[in-house]
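Notes follow once the structure below has been shown.
Any read-out appearing in this document is the output of simple, stated calculations on the displayed coordinates, not a laboratory observation. All values reported here derive from a predicted model rather than from experimental measurement. Don't worry about glycine lacking a Cβ; one is built from the backbone with ideal geometry, like all the others, and counts go over all protein chains shown.
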Amino acid sequence: MYRRHPLMTLSTLDREKASKEVLINMSKPIRKSALKSIPIGTSEQLIRVRVKALEIPPIKDGIVIGRDAAIGGEAMARTLRLMTNEKFERFTIAKDEIVQDVILRTSVVRKLGKERVLKFIIDRIKPVMTETELLMLDIDVELVIEDAI
């Protein structure tokens, strides 16, 4: 029911407790009411993990990369080229204090146009982001085509 996890440690702030054994409940999830019944002074640790499949590519339709983000536009573009056969286009935003790069799926750029989609991102997305963020874009494009026969 319980087993010791070799990589799990207690808080580094409390070094005395760091030598105690850490247990992970590997059976059923524990309800909040069950947490009240754990006696004070036990060294049991509970962990909740949410698992979901990795999506390839890791972005849907685009990503807006902040000026001080953890990964730059060139590195992200290279990663996408290695991970998928789908085509993405990279646009560098010059002289902007928040947005450095925008990477968009080629099909989205073809449907909306480069200037139009970049203007939307600068006008609507940029005001809600900081320079350290990477914002994923999930763009729904609906085209209505009419023709007289």
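Here are some notes:
- Taking each residue of region 122-136 that is at negative phi and looking for partners that are among the charged types (D, E, K, R) and surrounded by 11 or more Cβ atoms within 10 Å (Cβ to Cβ) with beta-carbon atoms closer than 6 Å, six or more apart or interchain, yields GLU131/ARG67; GLU131/ASP68; THR132/ASP68.
- Residues that are surrounded by 15 or more Cβ atoms within 10 Å (Cβ to Cβ) and in contact with a helix residue (DSSP H, G or I) (Cβ under 8 Å, 6 or more places away or on another chain) do occur in region 65-79, at least one of them.
- Every residue from region 90-111 that is in contact with a helix residue (DSSP H, G or I) (Cβ under 8 Å, 6 or more places away or on another chain) and either assigned to a helix (DSSP H, G or I) or not acidic (Asp, Glu) (or both): ARG90, PHE91, THR92, ILE93, ILE98, VAL99, GLN100, VAL102, ILE103, LEU104, VAL108, VAL109
- The one condition in (1) touching a Pro at 6+ places or on another chain (Cβ under 6 Å); (2) closer than 14 Å to ILE63 by Cα that PHE120 fails to fulfil: (1)
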